[in-house]
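Only one structure is covered here, and it is reproduced in the block below.
Values quoted throughout were computed directly from the atomic coordinates according to the rules given, and no laboratory measurement underlies them. The structure displayed is predicted, hence computed values, not measured ones. Heads up, the Cβs are rebuilt from the backbone with ideal geometry, glycines too, and the neighbour counts pull from every protein chain shown.
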Amino acid sequence: MREKITADMKAAMKAGESEKVGALRLIMSALKDREIEARGTGKELTADDQLALLQKMIKSRQESLDIYEKNARPELAAKERAEIETISAYLPAQLSEEEAAEAVKAAIAEVGASSIKDMGKVVAALKAKYTGRMDFAKASGLVKAALGA
């Protein structure tokens, strides 16, 4: 992923896309920080870790976007939207609502969940299979509904 981001950053620099360059630098910086952190614990950064980091970055920008829109700051909201779009380009396609509901049903069946007490097991199974492809905040709501909470 790092090589692709570097190549995209060079292309954006040549094209004079300063906002995209800034967003790509943020991604590179976050990845480098996470790699250094992982090295300190003796682990290596996996592809799933990278996807989770990108999702976290998008979630953070989405929260900022909501705040800017509520406070009538369209210029800042536009910047956040552009960063979200740039970061999203490095994530796999997100599951649709129907696909997410099917994935939740499959995970419940897989772990044999029968009550809300099993929610953690179901979400862990989903994270193992769908990191980077599913919004787990929404998935938690689907799991609760499916388990009858």
*For Leu76, state whether it is within 22 Å of Glu19 (Cα to Cα), free of Cβ contacts under 8 Å to residues at least 40 places away in the same chain and touching an Asp or Glu at 6+ places or on another chain (Cβ under 7 Å).*
no
*Mind counting the residues in the stretch 108-149 that are small (Gly, Ala, Ser), assigned to a helix (DSSP H, G or I) and closer than 23 Å to Leu53 by Cα?*
8
*When only residues in the stretch 43-72 that are over 19 Å from Met1 (Cβ atoms) and either among the charged types (D, E, K, R) or in contact (Cβ under 8 Å) with a residue 60 or more places away in the chain (or both) count, which is surrounded by the most Cβ atoms within 10 Å (Cβ to Cβ)?*
Glu69
*In this structure, is Ala38 closer than 27 Å to Leu126 by Cα and either in contact with a His (Cβ under 7 Å, 6 or more places away or on another chain) or part of a helix (DSSP H, G or I) (or both)?*
yes
*asked:* What's the total number of residues in the stretch 5-42 that are surrounded by 11 or more Cβ atoms within 10 Å (Cβ to Cβ) and not aliphatic (A, V, I, L, M)?
replied: 14
*Is at least one residue of the stretch 131-147 surrounded by 15 or more Cβ atoms within 10 Å (Cβ to Cβ) and in contact with a Phe, Trp or Tyr (Cβ under 7 Å, 6 or more places away or on another chain)?*
no
*Which residue pairs have Cβ atoms under 8 Å apart, sit 6 or more places apart or on different chains, and have a first residue in the stretch 17-30 that is closer than 10 Å to Ile5 by Cα and a second that is not in a helix (DSSP H, G or I)?*
Ile27/Tyr90
